[in-house]
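> Quick one: structure below, then a few questions.
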Amino acid sequence: MDQVVVITGAATGLGRATALKLATQGYKLVLVDFNEKDGLQTTEDSKSKGAEAIFVKADVSNEEDVKNYVNKAVESFGKIDYFINNAGIMIPFRLIHEYEINEYDRIMNINVKGAFLGIKYVIPVMLENGGGTIVNTVSSNSFKPTAYNGIYSATKHALAGMTKSIGQDYQTKNIFAVGVAPNTMKTNISASAAVTFTDEVGAAIHASTGPNIPATAEEVAEAVTFAMTNGKLLTGSIVNCAGGQIYN
Ligand SMILES: NC(=O)c1ccc[n+]([C@@H]2O[C@H](COP(=O)([O-])OP(=O)(O)OC[C@H]3O[C@@H](n4cnc5c(N)ncnc54)[C@H](O)[C@@H]3O)[C@@H](O)[C@H]2O)c1
């Protein structure tokens with residue numbers, strides 16, 4: 001197997017779980033994150049499972065960093081077959097009018113602009129190589145917002161929109177895009193949101209969420225790899241991993 005996968009947000013959570021799953025299947029891995037310590041750990045763990053893997057430190061919201069990780073992938077492995085566009089953050093739970101402009105800018109820069117920059121610089125490499133598949137990590141919040149999570153939800157609606165547009169616009173170019181939408185996945189991402197958690201916020205989130213079965217990052221990584229290897233079939237669609245919360 002000489003297929004090359006670039007994964008952003010590979011240091012922890014879903015990105016790390018996806019890297020470790022692919023590491024046993026012979027893919028060449030380009031692992032990207034701004035968390036160097038944990039990113040290097042994922043890289044070492046991938047290598048010890050048998051993968052060829054490199055780590056590139058990058059802030060996905062920085063255009064030069066994005067150009068650099070794309071260039072490093074091509075320099076190291078010659079092409080990009082799959083792009084797992086996964087890095088993302090949450091911000092504190094608030095009503096929309098309570099958000100500070102800097103909180104809005106930060107999450108839009110990472111979750112929307114960062115995802116766009118990756119797509120912008122990976123697609124030319126895929127075109128050169130005759131095609132490829134992009135997997136965007138969206139969210140159940142791409143379908144229905146949970147309470148006190150309006151700006152995060154807006155970012156994930158935006159990324160779902162980009163996924164559908166790629167599905168529509170690149171069919172004849174052999175480039176496919178699939179969204180994977182986790183719901184309650186057991187990672188640390190919500191720690192930064194939970195700083196504003198109160199009983200009132202918790203009750204509202206619970207009421208807006210409804211019953212669902214939480215997933216591990218390893219379980220959602222199964223959906224990511226399924227989406228990755230079935231791009232032609234699934235392009236433009238979102239794989240709903242909501243554990244019974246959302247039906248669509
Ligand atoms: N955990 C959930 O319940 C859940 C639900 C729906 C969607 N998601 C999405 O799943 C994706 C992965 O999140 P996770 O749950 O594994 O959390 P996580 O915090 O473990 O992983 C996110 C990774 O992205 C990296 N990252 C964040 N900002 C970055 C930046 N600017 N540049 C480079 N790397 C950056 C982090 O360092 C981290 O390694 C995110 O896009 C998130 O929005 C998570």
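The values are calculated or read from the model by the stated rules, or taken from the named source; none is laboratory data. Model, not experiment: these values are computed from the prediction. Positions of Cβ are generated from backbone atoms using ideal geometry, with glycine treated the same way; all protein chains shown enter the neighbour counts. Areas reflect the complete protein model, heavy atoms only, side chains present, ligands, DNA and RNA absent. Shrake-Rupley method; radii C 1.70, N 1.55, O 1.52, S 1.80 Å.
> Looking only at residues that are in a strand (DSSP E or B) and over 25 Å from residue 91 (Cβ atoms) in the range 150-193, which one is farthest from the ligand (Cβ to nearest atom)? Break it down stepwise before answering.
We begin by selecting, within the range 150-193, every residue in a strand (DSSP E or B); these are 175-182, 185.
Narrowing the set further to residues that are over 25 Å from residue 91 (Cβ atoms) leaves 175-178.
Details: 175: 21, 176: 19, 177: 15, 178: 14 Å.
Ranking the candidates gives 175 first.
For (1) under 19 Å from residue 132 (Cα atoms); (2) more than 10 Å from the ligand (Cβ to nearest atom); (3) assigned to a loop (DSSP other than H, G, I, E, B), each residue gets a yes or a no:
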| position | (1), (2), (3) |
| --- | --- |
| 2 | yes, yes, yes |
| 16 | no, no, no |
| 29 | yes, yes, no |
| 32 | yes, no, no |
| 38 | no, no, no |
| 42 | no, no, no |
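> Please indicate, with yes or no, whether at least one residue in the range 53-65 is within 14 Å of the ligand (Cβ to nearest atom), in a helix (DSSP H, G or I) and open to solvent by 50 Å² or more (accessible area, probe 1.4 Å).
Yes: one or more hits.
> Let me ask another. Scan the range 91-109 for residues that are open to solvent by 20 Å² or more (accessible area, probe 1.4 Å) and within 12 Å of the ligand (Cβ to nearest atom) and report the count.
Within the range 91-109, residues that are open to solvent by 20 Å² or more (accessible area, probe 1.4 Å) and within 12 Å of the ligand (Cβ to nearest atom) number 3.
> Of all residues in the range 75-90, which are surrounded by fewer than 17 Cβ atoms within 10 Å (Cβ to Cβ) and in contact (Cβ under 8 Å) with a residue 12 or more places away in the chain?
76, 78, 79
> Those residues that are out of contact with any Ser or Thr (no Cβ under 6 Å at 6 or more places or on another chain) and either assigned to a loop (DSSP other than H, G, I, E, B) or among the hydroxyl-bearing types (Ser, Thr, Tyr) (or both), I need them from the range 217-244; list them, please.
Once the filter is applied, which keeps residues that are out of contact with any Ser or Thr (no Cβ under 6 Å at 6 or more places or on another chain) and either assigned to a loop (DSSP other than H, G, I, E, B) or among the hydroxyl-bearing types (Ser, Thr, Tyr) (or both), the range 217-244 yields 225, 229, 230, 235, 236, 237, 243, 244.
> Going through the range 4-14 one residue at a time, which ones are outside any helix (DSSP H, G or I) and either surrounded by fewer than 16 Cβ atoms within 10 Å (Cβ to Cβ) or not hydrophobic (A, V, I, L, M, F, W, C) (or both)?
8, 9, 12
Let's see how each residue does on (1) hydroxyl-bearing (Ser, Thr, Tyr); (2) in contact with a strand residue (DSSP E or B) (Cβ under 7 Å, 6 or more places away or on another chain):
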site: 183; (1), (2): no, yes
site: 209; (1), (2): yes, no
site: 218; (1), (2): no, no
site: 221; (1), (2): no, no
site: 225; (1), (2): yes, no
site: 241; (1), (2): no, yes
site: 244; (1), (2): no, no
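> Does residue 208 satisfy the criteria of being open to solvent by 30 Å² or more (accessible area, probe 1.4 Å), in a helix (DSSP H, G or I) and over 27 Å from residue 132 (Cβ atoms)?
Numbers: open to solvent by 30 Å² or more (accessible area, probe 1.4 Å): no; in a helix (DSSP H, G or I): yes; over 27 Å from residue 132 (Cβ atoms): yes.
Considered against the rule, which asks whether it is open to solvent by 30 Å² or more (accessible area, probe 1.4 Å), in a helix (DSSP H, G or I) and over 27 Å from residue 132 (Cβ atoms), residue 208 comes out as no.
> Within the range 136-156, is even one residue under 17 Å from residue 182 (Cβ atoms) and in contact with a His (Cβ under 7 Å, 6 or more places away or on another chain)?
Yes; the residues of the range 136-156 include at least one that is under 17 Å from residue 182 (Cβ atoms) and in contact with a His (Cβ under 7 Å, 6 or more places away or on another chain).
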